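The values are calculated or read from the model by the stated rules, or taken from the named source; none is laboratory data. None of the values given here were measured: they were computed from a predicted structure. Here the Cβ positions follow ideal geometry from the backbone for every residue, glycine too, while neighbour counts run over all protein chains shown. Quick note on the areas: whole protein, heavy atoms, side chains included, nothing else; ligands and nucleic acids left out. Shrake-Rupley method; radii C 1.70, N 1.55, O 1.52, S 1.80 Å.
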Amino acid sequence: DFKDKCAENPIEFLKDWAGIPAGQADRIFYDGTKIDNAFNNNLRNLYGSITAPAEEEPEHLIWNQIRDKFFNKVIDRYYFYYNPEIARVLSVDQSTSGDCTCIAVSHFERDPSKKDPETGESLKCVVTDFTITIIPAGGFINLDAIKFFIMDLINLGNMNIRHVSFDGFQSDPTRQFLKRKGITVDYISVDKTNDAYLTYIDLVMKGRW
């Protein structure tokens, strides 16, 4: 059936049955098990998208949509549901109208099932806590909402955000704002160097993401 054909050869299936020009068969993640092994069903995530229209007030615009999915309220304070005290990094790939904006939060932790062959210590793996996709929905995405969301994660969600990275698209004002708040911010463009892609591929292939 279709499922078996897709599982057996997803590249050929996309070309022959879905009509999608899938490119060369040596692309990364050709082996579907690598993708399956990267997911943990005990972790929460948003398997859809949200909106943040430019015409709405940016304060708490994103926070109010995701708060109850990822945060537990204890008395009058919110805490991330999974290891809330761990240091985390946040990455933003933003756009206004022609594409989606994506916000991801990740952290390192030791994986007791994977050992360093030399030291015997548990290896570090990357855990992506969540990814949030914001769609323009026929309008414009509220870029100010992104900076307020990052501050909400820190001030309202009590997350230990140690580092934030942006691509270059219209991110200068937000990066300047966050730096004034004492947050370490970097500009990272995968268009200039593919180092980030190569690191990501290596982590997935070795089962460490």
Given Cβ charges of +1 for Lys and Arg and -1 for Asp and Glu, the option among 86, 188, 123 whose Cα lies farthest towards the positive end of the dipole of the chain is 86
Of the options 13, 135, 45, report the single residue whose Cα projects farthest towards the positive end of the charge dipole of the chain (beta-carbon charges: Lys, Arg +1; Asp, Glu -1). 45
Quick calc, segment 20-146, dipole around Cα centre from Cβ unit charges on Lys, Arg (+) and Asp, Glu (-), nearest 20 debye, gives 400 debye
Just to be sure I follow the rule: in the chain, considering lysines 8 or more places apart or on different chains, how many pairs have Cα atoms under 13 Å apart? 9
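Could you give the accessible area per residue of the chain, probe 1.4 Å, as a whole number in Å²? Intermediate results must be reported in sequence, preceding the final value.
Numbers: 12880 Å² over 209 residues.
Ligands and nucleic acids excluded, the figure is 62 Å² per residue.
Could you size up the charge dipole of segment 102-209 around its Cα centre, putting +1 on the beta carbon of Lys and Arg and -1 on that of Asp and Glu, and report it in debye to the nearest 20? Show your work: numbers first, answer last.
Working: 13 positive and 14 negative charges, 47 e Å.
Roughly 220 debye for segment 102-209.
What shape does segment 52-94 have by the C-alpha gyration tensor, where a ≥ b ≥ c are the square roots of the eigenvalues, rounded means a/c under 1.5, and otherwise prolate means a/b greater than b/c and oblate the rest?
Details: a/c = 2.96, a/b = 1.44, b/c = 2.06.
Since a/c reaches 1.5 but b/c is at least a/b, the shape of segment 52-94 is classed as oblate.
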I'd like the distance separating the alpha-carbon centroids of segment 72-106 and segment 123-188, in whole Å. 8 Å
Three-way shape label, the chain, alpha-carbon gyration tensor, a/c 1.5: oblate
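So, with +1 on the Cβ of K and R and -1 on the Cβ of D and E, and no other charges, what is the size of the charge dipole of segment 35-109 about its Cα centre, to the nearest 20 debye?
Numbers: 6 positive and 11 negative charges, 71 e Å.
About 340 debye.
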Mean ellipticity per residue at 222 nm, deg cm²/dmol - from DSSP H runs of n ≥ 4 across the chain, formula -39500 (n - 2.57): -8000 deg cm²/dmol
Pull out the extension gain between residue 31 and residue 57, defined as 0.36 nm times the separation in residues minus the alpha carbon to alpha carbon distance; nm, one decimal. 5.0 nm
May I ask which residue of 75, 103, 151 lies farthest towards the positive end of the charge dipole of the chain, with charges of +1 (Lys, Arg) and -1 (Asp, Glu) on Cβ and the Cα centre as origin? 75
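Kindly point out which whole DSSP H helices in the chain project their C-alpha atoms 18 angstrom or further along the helix axis while averaging a Kyte-Doolittle hydropathy of 0.0 or above. Display every interim value, and only then the final one.
On the way: long enough: 143-155 (19 Å, 1.23).
Once both thresholds are applied, what remains is 143-155.
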Restricting to Cα pairs under 8 Å and 6 or more apart, the percent relative contact order of segment 76-209 works out to 27 percent
